[in-house]
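What follows is a single structure, written as structure tokens, with notes after it.
The values are calculated or read from the model by the stated rules, or taken from the named source; none is laboratory data. The structure displayed is predicted, hence computed values, not measured ones. Here the Cβ positions follow ideal geometry from the backbone for every residue, glycine too, while neighbour counts run over all protein chains shown.
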Amino acid sequence: MAKAAWDRQSEKAVVSMQNELLREQIRDSIAPFSPLWRRRFAELNRKPSMVKTIEDLAAIPAMGERDVSPSGDPIGMSALVLQAGEAGYTLHGKGPEIRKAMRVRATNKDAYRRIVDSDTRATSYVFTGHGFRYPIASTRNDLDVIARAGARLWSVLGLTSNDVLLSALPPGATTDHVALQYAATAAGAPALFPGADAASLQDAIRLAPPTVLAVATSTAPQILSELADLGSLRTLLLVGAPTDAERIAAAHGLSRCGAPSNTVILGVHAPVGARVLWGECRQSAGATGYHTYPDLEIIQVVDPDSGEATPGMGELVLTQLEMRGSALLRWRTGDTVSAIAMAPCPSCGRSVPRATGLRRAAMFANLESGKSLDLRSIAGVMSSRPAVRDWRLVVGRRGRDGAMSTVIHYDAINPDDPATAIAVATDIRHVTGTLPTQLVAATRDELATLSGTPVSARILVG
Ligand SMILES: [Zn+2]
């Protein structure tokens, strides 16, 4: 029987394919070439070969940037890059590729080196990260994978080679820019990348009237307010999972720069650490979540407060398949989702895992200093204190000056003991570099009545 297309397999076929690709990824990439993961498996007292299925994977503690480089030094993050070489290649490369390499080895050393290098040598980098920027490496073959995913993204977005893309993303070594560039190239669509400057964008609009405009979600209203003559537009791509309010703001902006009223607004998003963009399908107009690539990644969810696997709302955890430069396993993205939907998309029928209710960087709060506060660090402190029975963190903006506030309500075993609050404050300062705005002793009932939008079981945005 012919293999079904990447987006038309049954749920059972997807799971069994992912199990097989996961075993391959661990056997041929992670176990032999990642000193970081070898050390991690040793600490967990587990053999890499014990991870055979998605369920086995879910039992491995997820890790994030602070676990790799506790000091926040980007140099420490180079541990994510796999250390493959020629000897490893012949042991762990793909059969047909190795046979091809062996055929040319005796007669053409250069050709042999090219084949080996394209699978093992990190040749290009993008920079990513929430708390600090760090590099993610790609081999030549990884770039092919990124291009393949880009062609798929184009079709999920309902675009064709007749579409003309204008990107207002700052060109540079970022996942968003590189993935978008590869997507347009792989789809055979003309694309212009003049940057975010309004005059350059307007020149590009005159030169090649765009049917697709890509803008970073956070700057979309400002950029749209500076553009005109977008009568050729059919699709607006908001890069970086937009919230409902951000979609409305973008729609408002579009209506004032001459775009047709039936222009479709779709979100695209790459979590930190990822190298491909996920898209919302055109048929859903953004209502059914981000469509992922089941043969390139496994997406799972953990409770950000405890780090434990959970079937419901929680932090998105990414495991990359088929990647050889950097290869992330159980990577905590800092994004949250309401669920991973496995059923076929009710709008387009694609049977790929969909990340629904995605909130980008929900585990981070922006501080006035320009730094971002990792809420998972606070959760880690609160969950590890034996004197604290339960707690809630309410993150908000202070009314009088708009400054970020972090208020921790906690139910202590001994509420009259000041040592608990002091210990908590000291620990939080140690891991985040800043004190919580307020620590409030509370009863269990009081915790239950706190209001705010939950981004996890215990973290609320007020
Ligand atoms: Zn769909």
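Regarding region 148-171, can at least one residue be identified that is closer than 29 Å to residue 372 by Cβ, surrounded by fewer than 18 Cβ atoms within 10 Å (Cβ to Cβ) and away from the ligand (no atom under 16 Å from the Cβ)?
The answer is yes, given that some residue of region 148-171 is closer than 29 Å to residue 372 by Cβ, surrounded by fewer than 18 Cβ atoms within 10 Å (Cβ to Cβ) and away from the ligand (no atom under 16 Å from the Cβ).
On the basis of being at negative phi, within 13 Å of the chain's Cα centre (by Cα) and buried (at least 24 other Cβ atoms within 10 Å of the Cβ), does residue 242 make the cut?
So residue 242 does not fit the description; no.
Among the residues of region 267-300, write down those that are basic (Lys, Arg) and either surrounded by fewer than 24 Cβ atoms within 10 Å (Cβ to Cβ) or within 16 Å of the ligand (Cβ to nearest atom) (or both).
282
Please give the strands (runs of 3 or more DSSP E) falling wholly within region 360-462 in which 2 or more residues are not β-branched (Val, Ile, Thr).
Numbers: elements: 364-366, 372-374, 388-397, 404-412, 438-441, 459-461.
Fully inside region 360-462 and qualifying: 364-366, 372-374, 388-397, 404-412, 438-441.
Could you tell me whether region 303-324 includes any residue that is surrounded by fewer than 21 Cβ atoms within 10 Å (Cβ to Cβ), of a type in the set (Ser, Thr, Tyr) and farther than 26 Å from residue 376 by Cα?
Looking through region 303-324, none of the residues is surrounded by fewer than 21 Cβ atoms within 10 Å (Cβ to Cβ), of a type in the set (Ser, Thr, Tyr) and farther than 26 Å from residue 376 by Cα.
Need the failing condition index for residue 382 against (1) within 16 Å of the ligand (Cβ to nearest atom); (2) outside the structural domain of residue 288 (by TED's automatic domain parsing); (3) of a type in the set (A, V, I, L, M, F, W, C), just the number.
(1)
Go through region 413-458 residue by residue and tally those that are touching a residue at least 40 places away in the same chain (Cβ under 8 Å), β-branched (Val, Ile, Thr) and over 20 Å from residue 368 (Cβ atoms).
Total satisfying the criteria: 2.
Any chance you could count how many residues in region 240-292 are touching an Asp or Glu at 6+ places or on another chain (Cβ under 8 Å) and of a type in the set (S, T, N, Q)?
So the count comes out to 1.
I'd like the full set of residues that are farther than 20 Å from residue 158 by Cα and within 12 Å of the ligand (Cβ to nearest atom), limited to region 324-364.
Residues of region 324-364 farther than 20 Å from residue 158 by Cα: 324-343, 357-364.
Listed by number, the residues that qualify are 341, 343.
Residue under question is residue 249, and the condition is that it be more than 21 Å from residue 359 (Cα to Cα) and in a helix (DSSP H, G or I); does it hold?
In short, no.
Could we say that residue 47 is free of Cβ contacts under 8 Å to residues at least 12 places away in the same chain and in contact with a helix residue (DSSP H, G or I) (Cβ under 9 Å, 6 or more places away or on another chain) here?
So residue 47 fits the description; yes.
Looking at 79, 42, can you tell me which residue is touching a Leu at 6+ places or on another chain (Cβ under 7 Å), without any contact (Cβ under 8 Å) to a residue 60 or more places away in the chain and not assigned by TED's automatic domain parsing to the domain that holds residue 430?
Just one listed residue meets the conditions, 79.
Residues are listed down the side, and each one gets a yes or a no for (1) over 28 Å from the mean Cα position of the chain (by Cα); (2) closer than 24 Å to residue 315 by Cβ; (3) not assigned by TED's automatic domain parsing to the domain that holds residue 432:
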position: 46; (1), (2), (3): no, yes, yes
position: 51; (1), (2), (3): no, yes, yes
position: 75; (1), (2), (3): no, no, yes
position: 97; (1), (2), (3): yes, no, yes
position: 104; (1), (2), (3): yes, no, yes
